[in-house]
Amino acid sequence: MKPTRRHLLLAACAAPLASLLGCGQAESTTLIAPAEIDPATTCDLDGMLLADYGGPKAQIHYLGERAPVWFCDTVEMFAALLAPEQVRKVRIAFVQDMGKADWDRPRGYWFDAKAGYYVVGSKRRGSMGPTIASFAVEADARKFAAEYGGRVLRYAEVKPDMADLAGGAVHDTKM
């Protein structure tokens, strides 16, 4: 069957619409690599320089944004992701594997936050005081909990009340 003028016009009109509708889907399936902290990287919540503070860091890549949103602590990341008013589409969130990264100067060792193990309630402190330590391997999380206390949870088990940002500055000994 030879296309008619009507078919060609419909196809021409549908193409831009299809590309608009598919735009978000293509972007959401594109593989995203984690960014790396540099000396000027700042926390999007409070402006702190990430390189100046120890403990696990986080980054969220939102749909439609080129640069990640940085957090100087995993507690801040969980507070952002678990907030009931959170409506931005998350492409991926990365946290650092504290089983490999240096606690005092964490660089690299990023992994998908949803795949991780988290230690809540340990004695170790992050940039803003109590933190949620992130691990890619369960055995590393259990070893950390045995040494520093706390309990091991999966991503889905971390609840909003565990990511309490109230009073974080009270625990910050470097301010």
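The values are calculated or read from the model by the stated rules, or taken from the named source; none is laboratory data. Computed from a prediction, not measured in an experiment: that's the story for all the values here. Cβ coordinates were reconstructed from backbone atoms using ideal geometry, including for glycine residues, and neighbour counts include every protein chain displayed. Just the protein is used for accessible areas: all its heavy atoms, side chains included, with ligands, DNA and RNA removed. Shrake-Rupley method; radii C 1.70, N 1.55, O 1.52, S 1.80 Å.
Residues that are within 26 Å of ALA33 (Cβ to Cβ), in contact with a Leu (Cβ under 8 Å, 6 or more places away or on another chain) and hydroxyl-bearing (Ser, Thr, Tyr): does region 101-122 have at least one?
yes
Taking the conditions exactly as written (surrounded by fewer than 18 Cβ atoms within 10 Å (Cβ to Cβ) and among the β-branched types (Val, Ile, Thr)), does VAL75 satisfy them or not?
Numbers: surrounded by fewer than 18 Cβ atoms within 10 Å (Cβ to Cβ): no; among the β-branched types (Val, Ile, Thr): yes.
No, not satisfied.
Hey, ILE37 hits all of (1) of a type in the set (Val, Ile, Thr); (2) more than 19 Å from ALA163 (Cα to Cα); (3) open to solvent by 20 Å² or more (accessible area, probe 1.4 Å) but one; which does it fall short on?
Of the numbered conditions (1) of a type in the set (Val, Ile, Thr); (2) more than 19 Å from ALA163 (Cα to Cα); (3) open to solvent by 20 Å² or more (accessible area, probe 1.4 Å), the odd one out for ILE37 is (3).
Out of everything in region 152-163 that is at pLDDT 95 or above, surrounded by 13 or more Cβ atoms within 10 Å (Cβ to Cβ) and of a type outside the set (Ser, Thr, Tyr), what residue ends up being farthest from ALA79 (Cα to Cα)?
That would be VAL152.
Looking at MET175, MET128, which one is of a type in the set (A, V, I, L, M, F, W, C), open to solvent by 60 Å² or more (accessible area, probe 1.4 Å) and modelled with pLDDT under 95?
Numbers: MET128 fails: open to solvent by 60 Å² or more (accessible area, probe 1.4 Å).
On inspection, the qualifying residue turns out to be MET175.
Does any residue of region 153-168 turn out to be touching a Phe, Trp or Tyr at 6+ places or on another chain (Cβ under 9 Å) and assigned to a strand (DSSP E or B)?
Yes: one or more hits.
Assess whether SER134 counts as being buried (at least 22 other Cβ atoms within 10 Å of the Cβ) and touching a Pro at 6+ places or on another chain (Cβ under 7 Å). Show your work before the answer.
Values: buried (at least 22 other Cβ atoms within 10 Å of the Cβ): yes; touching a Pro at 6+ places or on another chain (Cβ under 7 Å): yes.
It is true that SER134 is buried (at least 22 other Cβ atoms within 10 Å of the Cβ) and touching a Pro at 6+ places or on another chain (Cβ under 7 Å).
Give me a count of the residues in region 102-121 that are over 11 Å from the mean Cα position of the chain (by Cα) and open to solvent by 10 Å² or more (accessible area, probe 1.4 Å).
Residues that pass the stated criteria total 11.
Can you run down the residue pairs with Cβ atoms below 7 Å, 6 or more apart or on separate chains, where the first is in region 137-164 and at positive phi and the partner is modelled with pLDDT under 95 and surrounded by 13 or more Cβ atoms within 10 Å (Cβ to Cβ)?
Pairs that qualify, where the first residue is at positive phi and the partner is modelled with pLDDT under 95 and surrounded by 13 or more Cβ atoms within 10 Å (Cβ to Cβ): there are none.
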